[in-house]
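Chemist: Please find one structure pasted underneath; my questions will follow.
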Amino acid sequence: MSDEIWTRNEIESPCIRVCVIHPAAQICVGCYRSLAEIGSWSAMSSDERRKIMAELPARASTLVKRRGGRAARLSPDSATEG
């Protein structure tokens, strides 16, 4: 039996399994898709998926990410002089 049956010529999902919706932007901070896009991804055409995939890098740059934990403690602008 050949594995060709299971091979699909489709655009893969950008999901990285970090499913958290940014409260202000209303997009996932893992893949940068909206809830509507996530929900309808499997029904979208390849052209629709390609269009969304092209938009994702710009969406990523618009999110303000929190700096907490070790990264925040080590950043020069968070250091206080005693």
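Chemist: Which one is surrounded by the most Cβ atoms within 10 Å (Cβ to Cβ) among residues in segment 53-64 that are over 14 Å from Glu12 (Cβ atoms) and at pLDDT 90 or above?
Modeler: Out of the qualifying residues, it is Arg59.
Chemist: From the list Arg67, Arg50, which residue is surrounded by 11 or more Cβ atoms within 10 Å (Cβ to Cβ), at pLDDT below 90 and out of contact with any Phe, Trp or Tyr (no Cβ under 8 Å at 6 or more places or on another chain)?
Modeler: Every option except Arg67 fails the conditions.
Chemist: Within segment 31-45, work out how many residues are on the phi < 0 side of the Ramachandran plot, within 14 Å of the chain's Cα centre (by Cα) and surrounded by 15 or more Cβ atoms within 10 Å (Cβ to Cβ).
Modeler: Looking only at that region, the number is 6.
Chemist: Anything in segment 10-20 that is aliphatic (A, V, I, L, M) and surrounded by 14 or more Cβ atoms within 10 Å (Cβ to Cβ)? List them, or say none.
Modeler: Of everything in segment 10-20, just one residue is aliphatic (A, V, I, L, M) and surrounded by 14 or more Cβ atoms within 10 Å (Cβ to Cβ), namely Ile11.
The values are calculated or read from the model by the stated rules, or taken from the named source; none is laboratory data. Quantities reported herein were computed from a predicted structural model and do not represent experimental measurements. Using ideal geometry, Cβ is built from the backbone for each residue, glycine included, and neighbour counts are taken over all protein chains shown.
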